[in-house]
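Trainee: Below: one structure in structure tokens.
The values are calculated or read from the model by the stated rules, or taken from the named source; none is laboratory data. Keep in mind it's a predicted model, so treat the numbers as computed, not measured. Cβ: placed from backbone, ideal geometry, glycine included. Neighbour counts: every protein chain shown.
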Amino acid sequence: MRARKPTQKREARRTLHYTRRSVQLAFLAAFLLLAWAASYPPSRYLRENFFLRVDPLGALSAFMRASALLPLWPAMALLLLTFLSGRFFCGWICPLGTVLEMIPSPLRLKKRRMEGIRPRGVDGAVLLPGARRPRVKYLLLLALLVLLPFGVNLLWLFDPLVIAHRSAVQVFTGSLPLLFLGLLVLALAAGPRFWCQEVCPLGALLSAAGWAGRGLREDKALLSLVKDEAACVHCGRCALACPFWITEVADTGRSGRLLAFDCALCGECLEACPADGALSLVSLGRRIAVSTGPCKPSESGGRRRDDPTCQWEGMSPSFEGAGDGEQTRTKGPGRGG
Ligand code: SF4
Ligand code: SF4
């Protein structure tokens with residue numbers, strides 16, 4: 001692989017950001033068009049919302065009603081692509097996620113520290129990097145799947161594509177989308193992607209599909225976020241920029257494909273990273289975007305303290321070096337994960 005000049009890499013980063021925004025808006029526009037076509041009076045030409053067929057939860061519910069396998073192929077294709085890359089759907093396609101992400105949340109504008117976004121245990125203590133915790137979305141997914149065979153279908157209440165479709169149809173037909181308004185309030189109060197990260201059952205299913213493909217190397221995966229730990233200065237900017245507040249991207253002590261299965265492969269962390277080559281977005285072994293910046297690790301490892309650009313108050317001192325095995329449990333405000 002030929003090394004690219006920093007200016008080329010910077011351009012690639014900007015291209016990545018605007019490409020993702022364009023893709024998100026294009027899918028949102030297509031979704032709204034199909035929802036409009038399905039609203040009253042229904043269109044003669046566009047009768048079906050293809051997004052609802054792509055939804056694996058919706059497909060499972062339809063299969064239980066009709067026992068037909070063929071209509072399931074779009075949902076199966078999404079699960080296969082997620083297995084081969086990760087939860088890209090949430091970062092690039094989901095219309096509800098797109099709208100929520102674009103909400104100007106006070107939490108996003110407020111200066112935050114790493115401790116403020118770290119996941120916490122039930123006792124309120126900030127968890128160590130890599131520690132697992134029960135997540136509502138997985139319990140909710142389990143409950144929805146267990147209830148389906150008994151004829152209890154609560155997807156209309158929790159499935160993001162069903163919520164988005166119903167809300168759009170309600171707006172087009174002049175009624176109030178109360179569920180959607182509730183999600184907007186939640187996004188304002190708890191963070192734009194709080195729903196996606198903590199509650200969404202489809203997000204949980206896609207995270208699980210991405211987790212199943214975690215063994216794929218970056219040259220075999222369709223899309224991967226790859227870290228070069230040797231280039232990282234442990235400033236924490238990546239985690240603070242992450243719409244999903246994934247702290248593993250800063251904490252992981254290893255190089256290679258990031259195995260945080262909640263990662264939506266959006267690339268925002270890469271844009272925020274000030275260390276040259278610390279983070280890359282890789283497709284089938286080919287780098288398509290690379291972090292650039294002035295920061296280099298000190299000779300003894302860790303962040304270079306003599307350069308203020310490379311320091312960031314967001315990284316809790318008690319977690320510095322946690323990736324190297326020095327782990328400390330701290331008390332403090334924490335959330336997300
Ligand atoms: S870790 Fe990076 S690529 Fe993954 S969701 Fe967060 S910002 Fe996006
Ligand atoms: S140097 Fe980059 S990868 Fe390392 S913690 Fe800072 S932003 Fe994250």
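Trainee: Among the residues of the range 293-311, is any within 12 Å of ligand 1 (Cβ to nearest atom), at pLDDT 65 or above and under 25 Å from the mean Cα position of the chain (by Cα)?
Mentor: No: zero hits.
Trainee: Also, quick follow-up: Being at pLDDT below 90, over 23 Å from L78 (Cβ atoms) and within 16 Å of the chain's Cα centre (by Cα) narrows it down to one residue among G191, G130, G151; which is it?
Mentor: After applying the criteria, what remains is G191.
Trainee: Which of the numbered conditions does V233 fail, given that it passes all the others? Conditions: (1) buried (at least 20 other Cβ atoms within 10 Å of the Cβ); (2) within 18 Å of the chain's Cα centre (by Cα); (3) part of a loop (DSSP other than H, G, I, E, B).
Mentor: (2)
Trainee: In this structure, is D228 of a type outside the set (A, V, I, L, M), modelled with pLDDT under 95 and assigned by TED's automatic domain parsing to the domain that holds A264?
Mentor: Yes.
Trainee: Check F180 against each of (1) of a type in the set (F, W, Y); (2) away from ligand 2 (no atom under 16 Å from the Cβ); (3) at pLDDT below 90 and name the one condition it does not meet.
Mentor: All conditions are met except number (3).
Trainee: Hey, A272 hits all of (1) near ligand 2 (Cβ under 8 Å from one of its atoms); (2) closer than 21 Å to A187 by Cβ; (3) modelled with pLDDT of 90 or more but one; which does it fall short on?
Mentor: Single failed check for A272: (3).
Trainee: While we're looking at this one, here's another question. C273 fails exactly one of the following numbered conditions: (1) under 15 Å from L84 (Cβ atoms); (2) over 16 Å from the mean Cα position of the chain (by Cα). What is the number of that condition?
Mentor: For C273, the exception is condition (1).
Trainee: Is there a residue being near ligand 2 (Cβ under 10 Å from one of its atoms), in contact with a strand residue (DSSP E or B) (Cβ under 8 Å, 6 or more places away or on another chain) and touching a residue at least 12 places away in the same chain (Cβ under 8 Å) anywhere in the range 236-243?
Mentor: Taking every residue of the range 236-243 in turn, at least one turns out to be near ligand 2 (Cβ under 10 Å from one of its atoms), in contact with a strand residue (DSSP E or B) (Cβ under 8 Å, 6 or more places away or on another chain) and touching a residue at least 12 places away in the same chain (Cβ under 8 Å).
Trainee: Would you say F172 is more than 19 Å from the chain's Cα centre (by Cα), surrounded by fewer than 24 Cβ atoms within 10 Å (Cβ to Cβ) and closer than 25 Å to L148 by Cα?
Mentor: So F172 fails the test.
Trainee: All but one of (1) modelled with pLDDT under 90; (2) within 10 Å of ligand 1 (Cβ to nearest atom); (3) among the aliphatic types (A, V, I, L, M) hold for V249, so report the exception by its number.
Mentor: With (1) modelled with pLDDT under 90; (2) within 10 Å of ligand 1 (Cβ to nearest atom); (3) among the aliphatic types (A, V, I, L, M) applied to V249, the lone miss is (1).
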